Amino acid sequence: MMATVNYTFTFLACILAINVAKAQIPNPALIGYWHNWNSVSAPYIQLDFIDDRYNVIVVAFAVPASPSDMTMLFTSHVVSQSVLTTKIQQLQSQGK
């Protein structure tokens, strides 16, 4: 018998709501989630190749450090952390 594990991410919604309330959200806003892996069903897209019409880009998804640890990590599987940071800063400088 396999154990069933359920995760609740209520805290994330609260943090997001607080940050969104403080942020300047464009009107209209075209919001998209960007993921950090490469697979056949969901190929990797460089941050600077995202369609310019997206004016809010949410970098997602963090994963647990280990199956028994709820410390969340965000690791780029395609580019180095420094390249990722630079690309995020470039998007932020464009108001995204």
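Contact map, the range 75-89: first residue closer than 15 Å to Ile57 by Cα, second residue surrounded by 13 or more Cβ atoms within 10 Å (Cβ to Cβ) and not aliphatic (A, V, I, L, M), Cβ cut-off under 8 Å, separation 6 or more or different chains; pairs are Leu84/Asn36; Leu84/Ser76.
Determine whether Val40 is assigned to a loop (DSSP other than H, G, I, E, B) and modelled with pLDDT of 85 or more. It would help to see each step written out before you state the result.
Details: assigned to a loop (DSSP other than H, G, I, E, B): yes; modelled with pLDDT of 85 or more: yes.
So Val40 passes the test.
Among the residues of the range 9-32, those identified as at pLDDT 85 or above and exposed (fewer than 11 other Cβ atoms within 10 Å of the Cβ) are Pro28, Ala29.
Quick check on my filter: what residues within the range 46-62 are among the β-branched types (Val, Ile, Thr) and more than 13 Å from the chain's Cα centre (by Cα)? Within the range 46-62, just Ile50 meets the criteria.
Among the residues of the range 49-88, what is the count of those that are part of a helix (DSSP H, G or I) and surrounded by fewer than 10 Cβ atoms within 10 Å (Cβ to Cβ)? Of the residues in the range 49-88, 2 are part of a helix (DSSP H, G or I) and surrounded by fewer than 10 Cβ atoms within 10 Å (Cβ to Cβ).
Among the residues of the range 43-59 satisfying the criterion of being of a type in the set (A, V, I, L, M, F, W, C) and under 22 Å from Met72 (Cβ atoms), which is modelled with the lowest pLDDT?
That would be Val59.
The values are calculated or read from the model by the stated rules, or taken from the named source; none is laboratory data. Bear in mind the structure is a predicted one, so any value in this text is a computation, not a measurement. Virtual Cβ from ideal backbone geometry, glycine too; neighbours counted across all protein chains shown.
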